[in-house]
Amino acid sequence: MPADGARAIAPGFPEARPRVVVTGMGAITAAGRGVAALDARLRGSATCIREIGLFDTSGLRVHVAGEVDLPADVPGLPRAARVRASRSDRLALIALAEALERAGLSRDLAGLDRERVGVAIGTSTGGMLETETYFGERVAGRRTGAWRTKLAAAAVAAPADLVAGATGALGPRLAPSTACSSSAIAIALAAGWIRTGAADVAIAGGTDALARMTLTGFHALQALSPEPCRPFDVERRGLTLGEGAGILVLESEEHARARGAAIAAEVAGAGLSCDASHLTAPHPESRGAIQALAGALADARVAPESIAYVNAHGTGTPQNDACESTAIRAVLGGAAERVPVSSTKGLIGHLLGAAGAVEAIATVLAMAGGFAPPTIGLRRTDPACGLDFVPGAPRALPIAVAVSNSYGFGGNNCSLVLRRLPDG
């Protein structure tokens with residue numbers, strides 16, 4: 001049974017409700033362009049984190065991140081947006097193109113009622129890189145014309161607007177910006193649209209690009225590791241930033257089967273919570289994380305012993321890793337000791353607003369491939385965390401039901417339950 005006080009994302013749904021399924025996925029990360037590139041690196045044991053080349057980091061003690069090699073070609077970029085599109089926008093459109101192709105949908109959503117296609121794209125930085133570059137050039141007294149146009153993409157809603165404009169989607173639209181849980185919450189809310197009949201199809205996910213302000217902000221908080229992060233390690237020193245985008249196409253199982261789409265997984269449940277505790281630190285008793293995880297299991301109507309794998313938020317910071325471990329033990333109970341738990345942040349870094357979506361994709365890949373990805377960078381497990389964190393290398397593991405956790409500053413938490421359908 002879920003912990004006391006757990007609430008599903010939408011309590012009161014009838015017993016019979018539409019299954020929300022994933023029919024398309026797209027990603028671009030430091031692991032490379034495409035879901036296949038991510039899948040290949042999840043099966044390895046080497047990090048993709050490297051020295052930052054996007055901007056100057058001299059004067060800082062941290063010089064590494066999960067930086068993306070952004071290609072010049074960006075499919076589906078509307079002509080009107082070619083000048084103003086930010087790095088975050090471009091990452092989102094690359095992931096979008098792949099997700100639509102894998103879902104068997106055209107870029108203009110031909111064959112769908114576009115008024116019933118929703119868009120939920122989370123981000124935490126939007127066009128911050130371009131905005132700070134503009135102001136830097138202005139302070140230096142240099143010409144800013146080339147950057148001024150990009151200020152139109154500064155808002156956190158810009159990627160969602162661009163995705164909707166690029167596809168012509170006219171249904172419900174949201175741009176969650178809840179720090180590191182942004183895109184997980186986008187998936188949860190989009191799944192709710194499908195369940196309630198507000199949309200037939202939803203394009204959900206997140207995008208975030210590296211920026212100087214983000215790096216220096218975390219640097220000032222002393223939250224960054226000078227080496228690639230080591231989640232759950234006894235000597236962990238902080239997180240490593242990354243960038244990228246992850247997009248999923250969601251629809252009801254009935255809708256997907258009617259159009260002959262391949263189903264990758266089911267979004268079986270989601271739990272949302274807020275710690276209401278501290279601006280940057282998790283609740284010391286993990287109350288918000290516990291509520292989100294328990295709520296997700298309740299929403300999915302699955303018992304703790306059904307969970308075969310947990311994709312952890314696992315940032316590599318002392319507080320987060322310990323609090324997340326506490327939450328997993330509190331909700332899964334005795335099952336926690338046997339459930340493999342791993343973090344992908346040692347592979348590609350912390351993608352902030354895009355983290356939840358990319359990690360949901362990684363979880364689906366793990367279910368499809370029958371393996372638990374390793375926690376790269378983990379050498380010696382912190383006894384205070386004390387779970388099976390899959391050190392060293394991936395592990396063969398049949399996974400029918402899995403959880404992906406995402407936690408953000410301000411205590412914004414989201415847990416997703418993903419399930420592999422019998423014929424998936």
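Here is how the numbers come out for the structure above:
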read-out	value
Scan of the range 368-382 for residues that are out of contact with any Gly (no Cβ under 8 Å at 6 or more places or on another chain) and on the phi < 0 side of the Ramachandran plot, ordered by number	Gly369, Phe371, Ala372, Pro373, Arg379, Arg380, Thr381, Asp382
Qualifying residue in the range 13-32 (condition: part of a helix (DSSP H, G or I), basic (Lys, Arg) and at pLDDT 95 or above)	no
Some residue of the range 298-307 being among the small types (Gly, Ala, Ser), under 30 Å from Ala46 (Cα atoms) and part of a helix (DSSP H, G or I)	no
Some residue of the range 171-190 being surrounded by fewer than 24 Cβ atoms within 10 Å (Cβ to Cβ), part of a helix (DSSP H, G or I) and at negative phi	yes
Options Thr207, Thr167; residue that is in contact with a strand residue (DSSP E or B) (Cβ under 9 Å, 6 or more places away or on another chain), closer than 21 Å to Arg259 by Cβ and not acidic (Asp, Glu)	Thr167
Matching residues in the range 28-74 - criterion: being free of Cβ contacts under 8 Å to residues at least 40 places away in the same chain, farther than 21 Å from Ala99 by Cβ and either surrounded by 13 or more Cβ atoms within 10 Å (Cβ to Cβ) or not acidic (Asp, Glu) (or both)	Arg50, Gly53, Ser58, Gly59
Qualifying position, being surrounded by 20 or more Cβ atoms within 10 Å (Cβ to Cβ) and modelled with pLDDT under 95, among Thr144, Thr133, Thr167, Thr125	Thr125
Condition met for Val358 (touching a residue at least 60 places away in the same chain (Cβ under 8 Å) and either crowded, with 20+ Cβ neighbours inside 10 Å or more than 20 Å from Ala296 (Cα to Cα) (or both))	yes
Filtered residues of the range 247-295 (kept if within 13 Å of Ala191 (Cβ to Cβ) and among the polar types (S, T, N, Q))	Ser252
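Matching residues to (1) in contact (Cβ under 8 Å) with a residue 60 or more places away in the chain; (2) assigned to a loop (DSSP other than H, G, I, E, B); (3) on the phi > 0 side of the Ramachandran plot:
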{"residue": "Pro228", "(1), (2), (3)": "yes, yes, no"}
{"residue": "Gly246", "(1), (2), (3)": "yes, no, no"}
{"residue": "Val249", "(1), (2), (3)": "yes, no, no"}
{"residue": "Arg257", "(1), (2), (3)": "no, no, no"}
{"residue": "Gly260", "(1), (2), (3)": "yes, yes, yes"}
{"residue": "Ile263", "(1), (2), (3)": "yes, yes, no"}
{"residue": "Gly271", "(1), (2), (3)": "yes, no, no"}
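The values are calculated or read from the model by the stated rules, or taken from the named source; none is laboratory data. Worth saying up front: this structure is predicted, and the values here are computed from it rather than measured. With ideal geometry, Cβ positions are generated from the backbone for all residues, glycine too; neighbour counts draw on all protein chains shown.
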